[in-house]
Every structure is written in structure tokens, then in C-alpha cells.
Amino acid sequence: MAERTELDDYKEALSDLESDALPVVEDIAKHTKKARKAIGQDPVDTLTISNELVELSILVQRLGDRISHMGYIARGCKEYYERTREGHKIRLVAEGNAAGVADSMKIALAHEEFEVHNQCEYMMDRLVYARKSTDKTIDAIRSKLSYEKANERNA
């Protein structure tokens with residue numbers, strides 16, 4: 001059996017976080033669709049959009065925890081990738097390769113580490129985008145609720 005590596009640990013951490021975070025992102029999409037549907041009704045279903053506002057607020061909090069954890073994983077994976085890449089360069093130069101050749105070779109030799117690092121960064125970007133998008137959705141729902149309540153008072 002092959003020895004477990006630090007790269008295996010990062011792959012597993014990324015997989016675990018994806019399994020934990022992606023259902024939150026899916027729930028956000030589900031509740032956003034419900035809110036949009038309720039906003040599009042005539043008259044606007046203010047009870048549903050109020051409930052969805054609460055749900056989305058809870059989900060954005062849950063997402064924040066996962067973003068923090070993903071940042072931790074991504075930063076560690078980046079350091080591991082850079083350390084591995086530079087380790088290859090040092091080994092290659094010690095074996096008698098020219099520094100320029102070693103620079104080129106180190107990139108190819110650390111490709112798998114780069115791929116895992118890139119996947120971590122992608123997941124981080126995806127989660128951050130989901131949070132920003134949800135924050136904007138929450139703001140839009142709040143505005144719509146305020147508008148509808150003002151209309152009710154003026155009716």
C-alpha cells in the first residue's frame with residue numbers, strides 16, 4: 001500500500017469540505033428560487049419572502065463558516081504546492097541541472113500539486129461568490145418587503 005502524502009490530506013480535506021459546503025449552496029439556490037417566485041406573484045407573497053429572507057440569512061451564516069475553513073485549506077495547499085515546486089528545483093540543481101532548466105522542470109513535476117491547489121482556489125471562489133450573491137439577494141428581498149409594506153400602509 002502506498003504511503004499517504006500531504007497531498008492526499010489536502011485532496012481529502014477539499015473533498016470533505018465540498019461535501020459539507022455544496023449542500024448549503026444548493027439550499028441557497030432552492031430558497032432563492034422560492035423567494036423569486038413569491039416576489040413575482042400578484043399580489044406579492046410577503047409571508048413567503050419574509051420566511052425565505054430568514055432562511056437565506058441562516059444559510060449565509062453557515063456558508064461563512066465553510067468559507068473560513070476553505071480559506072484555511074487553500075492557504076495550506078498553496079504553501080504545500082510552492083514548497084513542493086521549490087523542492088523539485090533544489091533537487092534538480094543538486095543533480096547538476098542548470099537553474100533555468102530546473103525552473104522549467106519544477107513546474108511540470110509539481111503539476112498534480114498545482115491542480116489540487118487550483119481546485120481549492122476554485123472552491124473558495126465559488127463559495128465567496130455564493131455568499132456575495134446571496135447577500136445581494138437578501139438586500140433585494142428586504143427592499144421588496146419594505147416597498148410592499150409601504151404600499152399596504154398607503155392603500
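The values are calculated or read from the model by the stated rules, or taken from the named source; none is laboratory data. Worth saying up front: this structure is predicted, and the values here are computed from it rather than measured. Methodologically, a virtual Cβ is constructed for each residue, glycine included, from the backbone with ideal geometry; neighbour enumeration extends over all protein chains shown.
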Among Glu148, Glu113, Glu152, which is the only one that is under 22 Å from Thr5 (Cβ atoms) and of a type in the set (Asp, Glu)?
Glu113
Any pair with Cβ under 9 angstrom, 6 or more apart, that starts in region 46-74 at a residue that is within 16 Å of Thr32 (Cβ to Cβ) and in a helix (DSSP H, G or I) and ends at one that is acidic (Asp, Glu) and at pLDDT below 95
Ile49/Glu148
Looking only at region 145-154, decide whether some residue is assigned to a helix (DSSP H, G or I), at pLDDT below 95 and surrounded by 13 or more Cβ atoms within 10 Å (Cβ to Cβ).
yes
Residue list for region 93-123, restricted to those being within 12 Å of the chain's Cα centre (by Cα) and surrounded by 19 or more Cβ atoms within 10 Å (Cβ to Cβ)
Cys120, Met123
